[in-house]
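Encoded as structure tokens, the structure appears first; notes follow it.
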Amino acid sequence: IGQVIDNILMGSSERILSSLKTPDTTAQILLGNLKKIKIHDKKFEHIKHNLLGMYLNRIINLCNRYLEVNFSAVKYIAPLRASAERYYRIQGLSVDEIDPQGANIPMILHNMNPRDQEIFNSWLQENFGFELNTSLEGGHTSLRIKQGNNPEEINLADTGFGYSQIIPIILVIWQASLTNRTKQRYSAPRWMQFRENFEKSNFTVVIEQPELHLHPALQAKLIDLFVQLIVMAQKNKLNVKIIIETHSEAMLNRIGYLIAKKRFEFNNDLVNVLIFNKVNTYESEIETTSYSERGHLLSWPIGFFSPEDM
């Protein structure tokens with residue numbers, strides 16, 4: 001009997017009953033009695049409640065683990081990102097994750113090994129048409145942009161403000177891409193196989209106003225990058241979420257365009273839209289909407305992109 005209990009799978013009533021009726025035992029009388037049990041029987045309810053009691057502590061531990069995994073995997077990029085400087089003093093800043101304002105990006109790039117920098121620049125060139133390198137001078141480093149096939153490198157401080165605003169977003173998405181290629185899935189014991197659902201690679205990127213200081217074409221490229229990451233994660237059954245707070249009509253239209261054209265195998269089921277409608281100074285109403293299969297926003301925020309007549 002103990003062997004039968006150990007092999008019962010946690011989950012829905014249907015899943016518990018199915019595993020209960022296919023035990024790893026040769027006891028014919030026990031097998032016959034188990035196969036007679038129905039999902040609405042009081043006996044089954046008694047078994048299910050006792051099973052829950054047996055594993056209650058483990059379930060609580062799994063809930064704690066779920067919260068830990070999800071919240072520790074959130075990467076946040078603030079709306080006002082660090083502006084470019086001509087030189088950065090070499091400092092012992094953390095290079096494990098990106099600062100919300102991107103202040104430690106020069107140190108992250110400076111500490112990349114040559115192989116990682118080559119991979120990063122190849123990916124950057126493919127998606128955005130430029131490369132980003134560091135140049136060491138004395139006790140300082142500088143960030144330099146190389147656009148397309150142009151061999152000349154330009155100091156980031158001499159380029160448009162948009163570069164300094166988009167680089168933190170690009171780097172955090174690249175890290176998410178690497179993370180979801182390299183993390184291994186957890187192989188759970190049979191009695192708790194649903195643990196795999198949240199022990200897989202977990203990554204949530206939260207970005208406020210990613211469109212700031214970016215022209216519409218670059219905003220569209222950024223959306224393309226977000227979409228490709230989400231589609232890649234879906235194919236690999238990984239839990240990746242990108243949450244953006246935006247006022248950009250160009251970004252909303254680009255999402256609809258990608259859905260309509262089925263670019264990157266992207267579909268409307270992968271998008272949720274929340275519209276915040278201000279009621280008064282202290283209160284807002286949240287409206288949930290999405291896109292149709294043809295890429296139309298189902299509840300367009302009337303008046304959001306143009307002023308109402310006074």
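Being within 16 Å of T141 (Cβ to Cβ), open to solvent by 70 Å² or more (accessible area, probe 1.4 Å) and of a type outside the set (F, W, Y) narrows it down to one of N104, N111, so name that one.
Among N104, N111, only N111 is within 16 Å of T141 (Cβ to Cβ), open to solvent by 70 Å² or more (accessible area, probe 1.4 Å) and of a type outside the set (F, W, Y).
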Where residues in the range 60-89 are hydrophobic (A, V, I, L, M, F, W, C) and surrounded by 15 or more Cβ atoms within 10 Å (Cβ to Cβ), which of them is farthest from the chain's Cα centre (by Cα)? A84
If a residue counts only when it is of a type in the set (V, I, T) and farther than 14 Å from I167 by Cα, which helices (runs of 4 or more DSSP H) contained entirely in the range 54-130 have at least 3 such residues? 56-72
Would you confirm whether any residue within the range 219-235 is in contact with a strand residue (DSSP E or B) (Cβ under 9 Å, 6 or more places away or on another chain), outside any helix (DSSP H, G or I) and either open to solvent by 40 Å² or more (accessible area, probe 1.4 Å) or touching a residue at least 12 places away in the same chain (Cβ under 8 Å) (or both)? no
So which residues in the range 200-213 are among the hydrophobic types (A, V, I, L, M, F, W, C), open to solvent by 10 Å² or more (accessible area, probe 1.4 Å) and at pLDDT 90 or above? V206
Restricting to the range 152-162, name every residue that is over 15 Å from T134 (Cα atoms) and open to solvent by 90 Å² or more (accessible area, probe 1.4 Å). F161
Verdict on L143 being part of a strand (DSSP E or B), touching a Ser or Thr at 6+ places or on another chain (Cβ under 7 Å) and closer than 11 Å to Y87 by Cβ: yes
Please list, ordered by first then second residue, the pairs with beta carbon atoms under 8 Å, 6 or more apart or interchain, first in the range 71-95 and farther than 19 Å from I154 by Cα, second of a type in the set (A, V, I, L, M) and in a loop (DSSP other than H, G, I, E, B). K75/I98; I77/I98; P79/L212; L80/L212; R81/L212; L93/A103
Count, please, the residues in the range 236-245 that happen to be modelled with pLDDT of 90 or more and either over 15 Å from the mean Cα position of the chain (by Cα) or open to solvent by 80 Å² or more (accessible area, probe 1.4 Å) (or both). 1
Select from the range 266-283 the residues that are under 26 Å from the mean Cα position of the chain (by Cα) and in a strand (DSSP E or B) and write down the one among them that is modelled with the lowest pLDDT. N277
Identity of the residue in the range 1-45, farther than 17 Å from Y55 by Cα and of a type in the set (S, T, Y), that ends up modelled with the highest pLDDT: S18
Failed item, numbered, when F304 is tested on (1) open to solvent by 30 Å² or more (accessible area, probe 1.4 Å); (2) outside any loop (DSSP other than H, G, I, E, B): (2)
Is it the case that some residue within the range 249-257 is farther than 18 Å from W300 by Cβ, crowded, with 17+ Cβ neighbours inside 10 Å and touching a residue at least 12 places away in the same chain (Cβ under 8 Å)? no
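The values are calculated or read from the model by the stated rules, or taken from the named source; none is laboratory data. Just so you know, these numbers come straight off a predicted model, no measurement behind them. So basically every Cβ, Gly included, is an ideal-geometry build from the backbone, and we count neighbours across all protein chains shown. What goes into the accessible areas is simple: the full protein's heavy atoms, side chains included, and nothing from ligands, DNA or RNA. Shrake-Rupley method; radii C 1.70, N 1.55, O 1.52, S 1.80 Å.
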